[in-house]
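The values are calculated or read from the model by the stated rules, or taken from the named source; none is laboratory data. Predicted model, so just to flag it, every value in this text is computed and none were measured. Virtual Cβ from ideal backbone geometry, glycine too; neighbours counted across all protein chains shown.
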Amino acid sequence: MDASVDLAPCRLLRPALVVEDLTLRYLTRRGEVKAVDGVSFTLAPGQALGLVGESGCGKTSVAMSLMKLLPDNARLIRGRVLLGEHDLLTMTEGELRRFRWRRISMVFQAAMNSLDPVYRVGEQIVEAIENHNCEDSRQQARSRVSRLFGLVGLEPQMVDRYPHELSGGMRQRVAIAMALACEPDVIIADEITTALDVIVQDRILRELRLIQNDLQMSMVYITHDMAVVAEVTDRLGVMYAGKLVEMGDTSEVFGQPLHPYTEALLRSFPSIRGEKLPLIGLPGEPPDLIQTPPGCRFHPRCPSATEICRQKVPPKVQIGTHWADCWHPLAVTATGGRVPGDQIHGAN
Amino acid sequence: MIRAESLTKLFPISRGRFKRATSLVHAVDGVSFDLPRGQSLGLVGESGCGKTTIGKLLVKLLEPTSGRILFASPPAKSGDAGGESVDIARIKGATVRNFRRHAQMIFQDPYESMNPRRVVLDTVAEPLQVQGIGASHERLDLVSGLLDRVGLTPAANFLFRHPHELSGGQRQRVAIARALVVGPSYVVADEPTSMLDVSIRAGIMNLMLELAQTQGVTYLLVTHDLAVARYMCQRIAVMYRGKIVEVGATEELLQDPLHPYTRALLSAVPVPIPGFRRQEVNIKGDASAAIDPPERCRFYDRCPLASVICLNSPHPTLAEKGPGHQVACHLV
């Protein structure tokens, strides 16, 4: 084989990130919190994957696991997080240092508040670049920071400002610039615009989309906001009580949700456009993750729950690249009507 | 029922080494609006626009720097005459306590707004005690009935719980019960659902809507979330840096926004429809607080339509551009 053949196309086919059976517990005084249970998904290069769910669903724990930034009381029971052939979860801190920031990095909700108040913001990014050996000289690091600021929509003179001189939105953009500093393949964004006003949020989301396209970067976007996720993501995973209950192309999950929880979530969101529909939430509360309910974790709140849901863990129902773990998935037949999923088990 | 006239609230900022106030934040600046009975009003805007301050002024948690808040208590029975108009900013003493029967507040944070050492019964019964309504056993019945009505049922299970034994949604229901127990004429709700999980919010909003009907309560809903304001309110007032820039019937304002800020705000709201192409958000620069603002339109620096007229004229006043639809802009 000719050694000069360009292998790039093969690299493009390989996923940017593969998460396999991620299972995490936290040890607390009250008992073991089953925070993440058997979560698996694949992220293609340049793709934005959303993880939505409410408090306690485990999405932030998943995010932290992807960077292996876990608190002392966390126990990784099993699972793999693959960047290329490398499983981050088996690496030592030393090995991880070569991956964090350079191959995978993270921006989280409070990032704008965790900038060092004593250093100018540009300087903080230069330091991060130097610490991770992403540039050869300080001069080059500085010019990279200028480019990054332009990328996130910050004026060049902001480089010399201190964090307290910038607004929340600007500080969040600095945090994003920092996460992009070494041009990682994957960026994890955890509720990055939740604390920001809607006009600032719009600007940041647009810039992030442009950056993603320019750099062919993959993104895991974590939020509780279904509207943002509709705009920003290509693939969507819905989490409930530590489990991934549904996954598919964003348009499919919105258009034809399979899991009753997904549908409930979609019908809980008021909108300023379209017909004003009555909102239907969910009764009850998210479950206790220490004493998880038997069978399907969603059954206590599910309008479609039956006896088998209370006893047995639900199977995976799959239609193309769209799947859900449910005994009674909502599904669309060829004629466009909805039937309970029991009738489609045979078809697949 | 309520008419705010040229309501102003200024906060001093300490500057200089001797901490003498030399600058003023114009949190609320010459704001006028009506809150008619039965027409819930959504006060929307981004952080720092003054909406929370107005909410607190309307329940006398803050006193205005200038302006009037005229309150006419609604008639007890239809056919009766209502109360006379009173400027609640001027009342003192016992009159204040009487007033508080009419105006209550629900706060954003269900974890901070309740005394952690008090059980639910005491929290909800307290306004009754303060107002001297009913004897002990009567209060118990009243509170139990109300707990059932807000969905904390059976009430007996909740009466003696402490806040830490309740979820966020349950605490907010207690807050709603507490606000309604004295039968107020209006309730200021400041972001009542923003700290709750999404699937819980719908229940709380529907509850508030239902209670508005059955208890005859009018809401002043303070929120940054236009979708929530749409769901809950018949009218919406948009605020920017201490001023109301547009006010009108909800559906009309959303369909036909006239002020450039309202348009920018609406176009920035994400839409839960994959593939939906929103318009470009037409606004310049970044937001900032109204500290010692110059006398011209507050929106001048960010307005895509800003012209010479805007630079040289004082801040525009609200003018009627359609039935019930007012806009403060020189160019509309």
Scanning for something at pLDDT below 90, within 14 Å of chain A (Cβ to nearest Cβ), out of contact with any strand residue (DSSP E or B) (no Cβ under 8 Å at 6 or more places or on another chain) and in a loop (DSSP other than H, G, I, E, B), does the stretch B:305-322 turn up at least one residue? no
Does the stretch A:174-204 hold any residues that are under 18 Å from the mean Cα position of the chain (by Cα), assigned to a loop (DSSP other than H, G, I, E, B) and within 14 Å of chain B (Cβ to nearest Cβ), and which are they? A:Glu191, A:Ile192, A:Thr193, A:Thr194, A:Ala195
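Return yes or no: is B:Glu295 loosely packed, with under 12 Cβ neighbours inside 10 Å and not in a loop (DSSP other than H, G, I, E, B)? Don't jump to the end; show me each part of the working.
On the way: loosely packed, with under 12 Cβ neighbours inside 10 Å: yes; not in a loop (DSSP other than H, G, I, E, B): no.
No: the conditions fail for B:Glu295.
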Selection from the stretch B:37-55 of residues that are polar (S, T, N, Q) and within 14 Å of B:Arg241 (Cβ to Cβ): B:Ser47, B:Thr52, B:Thr53
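For the stretch A:258-284: of the residues being part of a helix (DSSP H, G or I), more than 7 Å from chain B (Cβ to nearest Cβ) and touching a residue at least 60 places away in the same chain (Cβ under 8 Å), which is nearest to A:Trp327 (Cα to Cα)?
Pass one, the stretch A:258-284, residues part of a helix (DSSP H, G or I): A:260-266.
If we keep only those that are more than 7 Å from chain B (Cβ to nearest Cβ) too, we end up with A:260-263, A:266.
If we keep only those that are touching a residue at least 60 places away in the same chain (Cβ under 8 Å) too, we end up with A:260, A:262-263.
Working: A:Pro260: 10, A:Thr262: 14, A:Glu263: 15 Å.
In this case the residue turns out to be A:Pro260.
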The number of residues in the stretch A:255-294 that are among the aromatic types (Phe, Trp, Tyr) and either over 26 Å from the mean Cα position of the chain (by Cα) or at pLDDT below 90 (or both) is 1
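Within the stretch B:188-213, which residues are among the small types (Gly, Ala, Ser), crowded, with 21+ Cβ neighbours inside 10 Å and more than 10 Å from chain A (Cβ to nearest Cβ)? Explain how you work it out, then say what you get.
Going through the stretch B:188-213, the residues among the small types (Gly, Ala, Ser) turn out to be B:189, B:194, B:199, B:202-203, B:212.
Now drop any that are not crowded, with 21+ Cβ neighbours inside 10 Å, which leaves B:189, B:199, B:202-203.
Passing the criteria: only B:Ala189.
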Tell me which residues, restricted to the stretch A:241-257, are within 18 Å of A:Glu20 (Cα to Cα) and assigned to a strand (DSSP E or B). A:Lys243, A:Leu244, A:Val245, A:Glu246, A:Met247, A:Gly248
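Among A:Gly237, A:Gly248, A:Gly255, which is the only one that is free of Cβ contacts under 8 Å to residues at least 60 places away in the same chain and either in contact with a helix residue (DSSP H, G or I) (Cβ under 9 Å, 6 or more places away or on another chain) or within 12 Å of chain B (Cβ to nearest Cβ) (or both)? It would help to see each step written out before you state the result.
Values: A:Gly237 fails: free of Cβ contacts under 8 Å to residues at least 60 places away in the same chain; A:Gly248 fails: free of Cβ contacts under 8 Å to residues at least 60 places away in the same chain.
Criteria check complete, one pass: A:Gly255.
Among the hydroxyl-bearing types (Ser, Thr, Tyr), more than 8 Å from chain B (Cβ to nearest Cβ) and crowded, with 19+ Cβ neighbours inside 10 Å: is that true of A:Thr223 in this structure? Break it down into steps so the answer makes sense when it comes.
On the way: among the hydroxyl-bearing types (Ser, Thr, Tyr): yes; more than 8 Å from chain B (Cβ to nearest Cβ): yes; crowded, with 19+ Cβ neighbours inside 10 Å: yes.
Here the answer is yes, as A:Thr223 does meet what is asked.
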Which one is modelled with the lowest pLDDT among residues in the stretch B:323-332 that are aliphatic (A, V, I, L, M) and part of a loop (DSSP other than H, G, I, E, B)? B:Val332
Over the stretch B:146-187, the set of residues surrounded by fewer than 20 Cβ atoms within 10 Å (Cβ to Cβ), in a helix (DSSP H, G or I) and among the aliphatic types (A, V, I, L, M) is B:Ala156
